[in-house]
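To keep things clear, I will list the structure first and then write my remarks on it.
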There are 4 protein chains.
Amino acid sequence: MTQELKRQVVEANQALKSSGLVALTWGNVSAIDRDSGLVAIKPSGVPYEELKPSNIVVVNLENDVIEGEFKPSSDTKTHLELYRNFSSIGAVVHTHSPSATAFSQAGKALACLGTTHADHFYGEVPLARALTAAELAQDYEHFTGVSIVECFEALGLDPVEMPAVLLRHHAPFTWGQNTVKAVENSIALEMCAQMALMSYQLNPELKPIPEHILKQHYQRKHGANAYYGQ
Amino acid sequence: MTQELKRQVVEANQALKSSGLVALTWGNVSAIDRDSGLVAIKPSGVPYEELKPSNIVVVNLENDVIEGEFKPSSDTKTHLELYRNFSSIGAVVHTHSPSATAFSQAGKALACLGTTHADHFYGEVPLARALTAAELAQDYEHFTGVSIVECFEALGLDPVEMPAVLLRHHAPFTWGQNTVKAVENSIALEMCAQMALMSYQLNPELKPIPEHILKQHYQRKHGANAYYGQ
Amino acid sequence: MTQELKRQVVEANQALKSSGLVALTWGNVSAIDRDSGLVAIKPSGVPYEELKPSNIVVVNLENDVIEGEFKPSSDTKTHLELYRNFSSIGAVVHTHSPSATAFSQAGKALACLGTTHADHFYGEVPLARALTAAELAQDYEHFTGVSIVECFEALGLDPVEMPAVLLRHHAPFTWGQNTVKAVENSIALEMCAQMALMSYQLNPELKPIPEHILKQHYQRKHGANAYYGQ
Amino acid sequence: MTQELKRQVVEANQALKSSGLVALTWGNVSAIDRDSGLVAIKPSGVPYEELKPSNIVVVNLENDVIEGEFKPSSDTKTHLELYRNFSSIGAVVHTHSPSATAFSQAGKALACLGTTHADHFYGEVPLARALTAAELAQDYEHFTGVSIVECFEALGLDPVEMPAVLLRHHAPFTWGQNTVKAVENSIALEMCAQMALMSYQLNPELKPIPEHILKQHYQRKHGANAYYGQ
């Protein structure tokens with residue numbers, strides 16, 4: 001595990017705070033080194049301003065702590081389930097950002113209502129099912145990851161095209177090829193959820209944008225013929 | 001009364017301002033030294049930026065000023081009633097944070113709509129009754145405390161598991177084992193109230209989360225088998 | 001006209017910006033020296049960060065410019081009408097703060113829904129009538145002031161107990177014994193309007209607080225037996 | 001193309017960020033030198049804090065890059081269509097500011113609900129039609145500009161009196177005689193949209209302000225007899 005990856009994890013966790021996505025210690029970022037299969041993650045309950053590469057925890061994909069004196073984030077098993085199943089992702093972010101969390105709490109997937117959404121998420125951000133009482137009792141964080149993977153399989157979603165999910169009763173997870181992209185997706189998700197709340201206030205019957213607009217906008221920024229950026 | 005406790009009270013009052021929970025001078029924090037039975041509290045109407053240990057007021061549980069040249073917060077008697085009846089608490093916070101205050105004004109308890117809430121409050125944050133005209137005329141702040149204690153007794157609530165209350169027509173109080181925890185509970189309450197407002201916009205008929213999720217999430221952070229934090 | 005009063009006017013105008021009450025140049029503060037009958041007011045359209053005592057404009061109560069190289073605020077005649085009729089006030093503030101402006105635009109007076117409101121405004125903040133086309137054509141800003149004074153006379157309101165008004169189709173004015181108090185009233189009005197919006201979302205049929213609570217809370221901070229502050 | 005214009009474009013793009021109108025890289029500002037017919041515009045996908053005159057891209061009105069090593073904003077063709085058709089404008093701004101975008105997403109023009117709006121926009125801010133699938137496939141950004149120009153022609157709107165438009169399913173564009181005015185119009189549009197959302201919550205049937213108030217307020221700040229500012 002390189003110092004560089006730990007440094008990225010520190011910066012990304014601190015970006016959650018500075019971008020207003022989290023209050024208190026309500027969020028965490030991890031990143032994986034695919035060569036070694038090691039994951040660097042925030043220590044549990046440590047304030048963002050105290051984070052530094054030396055207190056980042058390193059675990060393997062079986063959740064053994066490999067490096068670090070602190071306990072890893074209580075959400076670590078959820079992160080690991082995502083890394084094990086979504087082989088193309090390099091970083092995972094969990095927040096309780098308010099507008100996205102409102103969709104989780106209300107039990108509503110986040111429909112694509114405009115091009116801001118289409119620029120980042122190829123269609124409706126899905127809502128993973130609630131866990132059963134048995135799953136909660138046995139291994140809450142592991143089955144949280146399982147419910148996400150199940151949701152993506154059931155809907156035939158590609159985690160590269162849809163780098164976000166809403167957990168029923170809980171809050172969102174996002175991911176990306178690296179920590180910067182994963183945090184950007186958390187910011188984009190929160191903004192899209194905020195805009196959706198206001199859009200529904202103006203028109204409670206609002207329908208998603210037409211498929212051809214979704215496709216055009218998504219492909220402007222992603223895929224083979226993308227022409228956004230340098 | 002140690003300087004240390006006064007210093008904590010200064011910091012916690014200033015944290016109300018920096019965390020955006022209060023405008024003007026609409027909030028106050030106190031802390032109790034259980035050995036001496038003395039309470040350190042914000043002076044009334046003094047701007048947060050002017051606070052320092054030397055202008056913090058010290059009162060005993062009978063509301064006699066023991067130290068300090070200033071008048072204590074006009075809400076002091078409410079704080080004292082809480083310290084007298086909730087023996088496990090070490091600090092009390094009062095704010096008019098906007099979303100929580102909206103629930104107070106609307107006369108609605110704050111149902112537990114998600115795990116953000118369950119991480120901090122074990123169930124619905126209760127609404128204390130309005131005071132009678134006679135109580136108001138006789139001793140407004142004292143009876144405010146009485147209404148909180150009555151509410152907790154009537155509902156069989158443990159102030160450790162439920163460190164917050166909404167006052168009818170007024171605003172919230174929170175508490176905790178120390179000033180840091182009590183302020184964190186004010187921040188959590190405001191965020192949960194804000195998320196609840198947005199969740200109800202999406203689904204006005206929304207029900208509280210299932211009991212087993214509430215229990216799992218609360219116990220993840222609190223109680224004998226808590227595994228959150230270091 | 002003393003430098004001190006001009007300095008207070010500079011600070012109060014800048015406080016509108018730093019407290020988030022105004023965008024661009026959408027607000028102005030004035031103060032009156034009752035001995036000389038002279039009013040210091042913001043120059044029109046000048047950014048808040050460029051204000052200094054030397055560019056504050058001084059006018060008399062008949063709207064003659066007495067000092068200053070700049071044109072006074074385009075709202076000056078409204079300020080003057082308030083000073084001429086409300087003899088107890090020392091400063092006037094105009095903003096387009098968003099939540100209060102929403103009540104102006106929706107044509108609704110701001111009912112007293114909680115003690116935050118009662119601490120600052122003794123009852124419902126009134127809505128002044130819209131101007132007629134003739135009044136607009138003849139002297140818009142003067143008749144804006146006239147509509148406020150008429151409103152207070154018609155409702156029998158005391159401008160000391162009710163230091164705010166909502167203008168139909170427009171935005172709020174507040175006032176106070178000095179610039180600090182007048183700006184505080186603008187902050188309080190915006191917060192009360194924001195809380196009211198959220199309270200009505202939770203309960204669209206919400207009624208004002210009982211009269212005895214209004215009275216108790218208002219008198220806690222104001223009047224002969226006030227016991228808030230030092 | 002002067003350094004001065006590039007410097008203005010840098011400052012205006014950075015003002016989008018500091019004024020809270022954009023997250024991530026969701027916005028861009030351009031300015032035109034009418035003598036040379038050259039347009040200075042933000043490079044695509046470059047963070048605002050990295051902008052400097054040397055990385056601003058210069059294109060002509062036929063969308064040939066004249067200066068600069070970077071690709072211009074992906075929205076450049078929309079800007080150019082506006083410059084070609086609206087001969088009086090000197091700068092164009094595109095944002096996804098949340099409240100204005102909510103109107104775009106909900107498919108609602110922004111009615112003039114108060115004098116804040118009337119001070120900046122002479123009447124209802126129009127909603128341009130959605131693009132057809134054929135237009136999207138052929139040249140998305142060009143036809144976005146075409147839809148705006150068509151909208152203004154169909155409604156008989158003067159782009160000087162109405163320096164803003166809402167794109168269906170997308171977000172707003174604003175413009176002005178220079179970058180400072182164009183950004184001010186983006187700020188004003190977002191504030192008016194936010195206030196409108198709150199006004200409609202209070203009164204879903206709210207009608208636009210009377211025509212004589214619109215006219216008076218608009219002309220107070222604009223046109224031959226304007227008396228706002230210095």
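The values are calculated or read from the model by the stated rules, or taken from the named source; none is laboratory data. All of these numbers come straight from a predicted model, not from anything done at the bench. In this analysis, Cβ positions are derived from the backbone assuming ideal geometry, glycine residues included, and neighbour counts consider all displayed protein chains. Calculation scope for accessible area: heavy atoms of the full protein, side chains included, ligands and nucleic acids excluded. Shrake-Rupley method; radii C 1.70, N 1.55, O 1.52, S 1.80 Å.
Place a point 7 Å from Cα of C:Asp64 in the direction of its Cβ. Which residues in region C:79-100 have their backbone N less than 11 Å from it?
Output list for this probe position: empty.
Counting only helical runs of four or more DSSP H residues, what would the 222 nm mean residue ellipticity of chain A come to if each run contributes -39,500 (n - 2.57) and the total is spread over all its residues?
-13500 deg cm²/dmol
Please check region C:167-187 for residues whose accessible area, probe 1.4 Å, is lower by 50 Å² or more when all protein chains are in place than in their chain alone.
C:His169
Cα-Cα over 32 Å: which of B:Lys181/B:Lys215; C:Lys215/D:Lys215; D:Lys77/D:Lys215; B:Lys17/C:Lys221?
C:Lys215/D:Lys215; D:Lys77/D:Lys215
Place a +1 charge on the Cβ of each Lys and Arg in region C:1-53 and a -1 charge on the Cβ of each Asp and Glu, then give the dipole magnitude about the Cα centre in debye, rounded to the nearest 20.
Here the size comes out at about 60 debye.
Dipole of region B:12-110, Cα-centred, from +1 at each Lys and Arg C-beta and -1 at each Asp and Glu C-beta, to the nearest 20 debye?
Roughly 380 debye for region B:12-110.
Taking the Cα centre of chain A as the origin and placing charges on Cβ (Lys, Arg +1; Asp, Glu -1), which of A:Leu167, A:Asn203, A:Thr101 is farthest toward the positive end of the dipole?
A:Asn203
Remind me, what semi-axes does region A:28-111 give for its equivalent ellipsoid, largest first in whole Å, using sqrt of 5 times each Cα gyration tensor eigenvalue?
Taking √(5λ) for each Cα gyration eigenvalue gives 24, 17, 10 Å.
With r as the distance between the Cβ atoms of D:Asp158 and C:Glu153 and R0 = 51 Å, compute the FRET efficiency 1/(1 + (r/R0)^6) and round to 0.05.
It comes to 0.75.
Taking the label point 7 Å from Cα in the Cβ direction, how far apart in nm is A:Asn203 from each other copy of itself, listed shortest first?
A:Asn203 label point versus its equivalents elsewhere: 2.4, 2.4, 3.4 nm.
Mind checking the per residue accessible area of region C:1-82 for me, 1.4 Å probe, whole number of Å²?
Accessible surface, normalised per residue, equals 40 Å².
Specify the inter-centroid distance of region C:172-230 and region A:1-49, based on alpha-carbon positions, in whole Å.
Result: 43 Å between the Cα centres.
Only protein chains counted, 1.4 angstrom probe. Which residues of region C:4-26 are at least 40 Å² less accessible in the assembly than when their chain is isolated?
C:Leu24, C:Trp26
Would you kindly derive the ³J(HN,Hα) couplings of region B:47-60 from the backbone phi angles with the Karplus curve 6.51 cos²θ - 1.76 cosθ + 1.60 (θ = phi - 60°), listing them in order in whole Hz, with x for Gly and Pro?
x, 4, 6, 8, 6, 7, x, 6, 9, 6, 9, 10, 10, 8
What are the semi-axes of the equivalent ellipsoid for the protein assembly as shown, taken as the square roots of 5 times the Cα gyration tensor eigenvalues, largest first, in whole Å?
Semi-axis lengths for the protein assembly as shown are 42, 42, 24 Å.
Given a 10 angstrom Cα cut-off, can you work out which residue in B:Ala196, B:Ala188, B:Ala154 is the most mobile in a GNM of chain B?
Maximum among the listed residues: B:Ala154.
Quick check: the angle from helix A:179-202's long axis to the longest principal axis of chain A, C-alpha only, nearest 10 degrees?
Tilt relative to chain A: about 40 degrees.
Quick one: accessible area per residue over region C:84-197, 1.4 Å probe, rounded to a whole number of Å²?
28
Which one, A:Gln14, A:Gln216, A:Gln138, has the greatest fluctuation when you compute a Gaussian network model over chain A with C-alpha springs under 10 angstrom?
Maximum fluctuation in the GNM of chain A, among the listed residues, is at A:Gln138.
What total accessible surface area, summed over both chains, is buried at the interface between chains C and D, computed with a 1.4 Å probe and given in Å² to the nearest 100?
In total, chains C and D hide about 2700 Å² from solvent.
How big is region B:72-121 along each principal axis, measuring the range of its Cα positions in Å and listing the largest first?
The Cα atoms of region B:72-121 stretch 35, 24, 15 Å along the principal axes, largest first.
Roll a 1.4 angstrom probe over the protein heavy atoms and tell me the percent of accessible area of the protein assembly as shown that is carbon or sulfur.
Here carbon and sulfur together make up 50 percent of the probe-accessible area.
Over 29 Å apart: what share of the alpha carbon pairs of region B:2-222 falls there, rounded to a whole percent?
22
Any idea what the alpha-carbon Rg over 2.2 N^0.38 Å comes to for region B:92-230?
Computed over Cα atoms of region B:92-230, the ratio equals 1.05.
Using the alpha-carbon atoms, what tilt in degrees (0 to 90, nearest 10) does helix C:211-221 show relative to the longest principal axis of chain C?
40
Taking 7 Å along the Cα-to-C-beta vector as the label spot, tell me the A:Lys52-C:Arg7 distance in nanometres, rounded to one decimal.
Each label point lies 7 Å from its Cα, and together they span 4.4 nm.
In degrees, nearest 10, range 0 to 90: what is the angle between the Cα axis of helix A:76-85 and the longest Cα principal axis of chain A?
Compared with the principal axis, the helix lies near 70 degrees.
At a Förster distance of 22 Å, what's the computed FRET efficiency of A:Asp35 paired with A:Asn85, Cβ-Cβ distance as r, to 0.05?
0.75
Looking only at other chains, what is the average number of their beta-carbon atoms within 10 angstrom of each beta-carbon in D:114-125?
Mean inter-chain Cβ contacts per residue within 10 Å come to 3.
Dipole size in debye (nearest 20) for chain D around its Cα centre, Lys and Arg Cβ +1, Asp and Glu Cβ -1?
500
List the residue from chain B whose beta-carbon is nearest to the axis that rotates chain B onto chain D, together with that distance in whole Å.
Closest Cβ to the B-to-D rotation axis, residue and whole-Å distance: B:Gln201, 5.
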